[in-house]
Amino acid sequence: MSKTHKQIMEDFKIMINTNDLNLAEKIIASDAEFQSLTSDELLYGGKGYLSVVEFMRKSFSDIHWEFEDMAAEGNKIAVSWICSGTHDGDFMGMPPTGKKFSFRCMNFYYFNDEGKIIKDVAAEGMAGLLKALNG
């Protein structure tokens, strides 16, 4: 894994844990497209990505992501995350339970030649969260 990609992912972790828009715009390409359950339309760039994080924070105010493992090949990095928090806000029609959760999720991040993230593909994200909340 290139040191550059690893540093970008370190910055990405800070970005999602702090909602840092300046950092998001630095590491995510402005034309990067993201799909989300939070929007019927595509979301773009750092601001679009952070809108998903903000949606999560409304339901889980203390949500936090930590690396578990990371592997890279070319312009792609796979990250295994541990996501934890407390269900203290409405989540997609589910009233707050106060339940604490922790689950593993996997994402694949793709980079352009400038080293900016252009794509994020979640392997199990939302399904892992729903299982943790209902299990």
About its Cα centre, the stretch 6-52 carries a charge dipole, from +1 on Lys and Arg Cβ atoms and -1 on Asp and Glu Cβ atoms, whose size in debye to the nearest 20 is 220 debye
Helix-only [θ] at 222 nm, the chain, -39500 (n - 2.57) per DSSP H run of 4+, per residue, nearest 500, equals -11000 deg cm²/dmol
Taking the chain as the region of interest, what is the percent of Cα-Cα pairs per 10 angstrom bin, listed from the shortest bin to the one with the maximum distance?
12, 44, 34, 9, 1
Leaving ligands, DNA and RNA out of it, report the carbon-plus-sulfur percent of the accessible area of the chain at a 1.4 Å probe.
51 percent
Within a Cβ distance under 15 Å of E33, other residues only, what is the Lys/Arg minus Asp/Glu net charge?
-1
For the pair Y44 and V121, the simple spin-label estimate (label points 7 Å beyond Cα toward Cβ) gives in nm 2.3 nm
To the nearest 20 debye, the chain has a Cα-centred charge dipole, built from +1 on Lys and Arg Cβ and -1 on Asp and Glu Cβ, of 340 debye
Accessible surface, the chain, averaged per residue in Å² (probe 1.4 Å)
56 Å²
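The values are calculated or read from the model by the stated rules, or taken from the named source; none is laboratory data. Nothing here was measured: the structure is a model prediction, and the numbers come from that model. Using ideal geometry, Cβ is built from the backbone for each residue, glycine included, and neighbour counts are taken over all protein chains shown. Each accessible area value is taken on the protein alone, full model and side chains, heavy atoms only, with ligands, DNA and RNA left out. Shrake-Rupley method; radii C 1.70, N 1.55, O 1.52, S 1.80 Å.
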